[in-house]
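Working notes for the structure below.
The values are calculated or read from the model by the stated rules, or taken from the named source; none is laboratory data. It should be emphasised that the depicted structure is a prediction, and the values quoted were computed from it without experimental measurement. Glycine also receives a Cβ, built like all others from the backbone with ideal geometry; neighbour counts cover every protein chain displayed. Each accessible area value is taken on the protein alone, full model and side chains, heavy atoms only, with ligands, DNA and RNA left out. Shrake-Rupley method; radii C 1.70, N 1.55, O 1.52, S 1.80 Å.
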Amino acid sequence: MIRVLLAEDQALVRGALAALLALEGDLEVVGTAADGEAALGMSRELRPDVLVTDIEMPRLSGLDLAERLGTELPGVRVVIVTTFARAGYLRRALDVGARGYLLKDAPAADLADAIRRVHAGGRAVDPALAAEAWGERSPLTERERQVLREAEGGASTAVIASHLNLSEGTVRNYLSEAISKLGCENRIEAARQAREKGWL
């Protein structure tokens, strides 16, 4: 049996995924979590073979969760199941160690197959997205992404500086660099463009 842990913040989707996977004779859903922190704790406790996770979740994103598991529990393989058909998200997911990346509108059989393939040591990535992912790379550094994420919600330079433990001058420099790299007029436009490309 392949032991699977599900992490998905929408209860209906979480329940549907669990029910679908329960129909597979070789897959056992050992637990479900409604947020990333809970999924991390359950992974430590249950040691599943495969974690299936959404990207955007409360408390800890699926990408952050994959990165933490890669460090703490490298034996737990991660499959991301998301609505985000963006090459930037896929590239970031692979960079942090995810072994699978599927879209939520894929057939249910694709998810079970992906879990089996990842468990066996392979990769399972949406083919159309994989081709696109090797195109445009994000020009942003990790710090520039962090600052843009804060700016996206309309936070002031002072608030961003406080949240990230940086000086206001340093925050202004990061914002200026990000705006320049993306060829935008202001921080809001830069954050929107980076979000659309899956770079945040």
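Computed about the Cα centre, the dipole magnitude for region 150-200 is approximately 100 debye when only Lys and Arg (+1) and Asp and Glu (-1) carry charge, each at its Cβ.
Would you work out the charge dipole size for region 1-134 about its Cα centre, treating the Cβ of every Lys and Arg as +1 and the Cβ of every Asp and Glu as -1, and quote it to the nearest 20 debye? Don't jump to the answer; show the numbers that get you there.
On the way: 15 positive and 20 negative charges, 59 e Å.
Dipole magnitude for region 1-134 comes out near 280 debye.
Each part reduced to its alpha carbon centroid, region 147-179 and region 96-126 end up 36 Å apart. Within the shell defined by Cβ-Cβ distances under 13 Å, the residues around Gly97 carry a net charge of +2, with Lys and Arg each +1 and Asp and Glu each -1. Per residue of the chain, what 222 nm ellipticity follows from adding -39500 (n - 2.57) for every DSSP H run with n ≥ 4, rounded to the nearest 500? The helix contribution divided over the chain gives -16000 deg cm²/dmol. What a 1.4 Å probe finds exposed on region 94-174 is 49% carbon and sulfur by accessible area, rounded to a whole percent.
Averaged per residue, what accessible area in Å² does region 62-146 show with a 1.4 Å probe, protein chains only? Mind showing how you got there, number by number?
On the way: 3950 Å² over 85 residues.
With the other protein chains kept in place, region 62-146 gives 47 Å² per residue.
Please list the three semi-axes, largest first and in whole Å, of the ellipsoid equivalent to region 5-161, using sqrt of 5 times the eigenvalues of its alpha carbon gyration tensor. Intermediate results must be reported in sequence, preceding the final value.
Values: eigenvalues 144, 67, 42 Å².
For region 5-161, the ellipsoid semi-axes come out as 27, 18, 14 Å.
Sorting 111-121, 18-28, 89-99 by their mean Cβ neighbour count within 10 Å, with the most densely packed peptide first, gives 89-99, 111-121, 18-28.
I'd like to know which of Val125, Thr170, Ala151 lies farthest towards the positive end of the charge dipole of region 115-189, counting +1 on Cβ of Lys and Arg and -1 on Cβ of Asp and Glu. Working it through, the farthest residue towards the positive pole turns out to be Val125.
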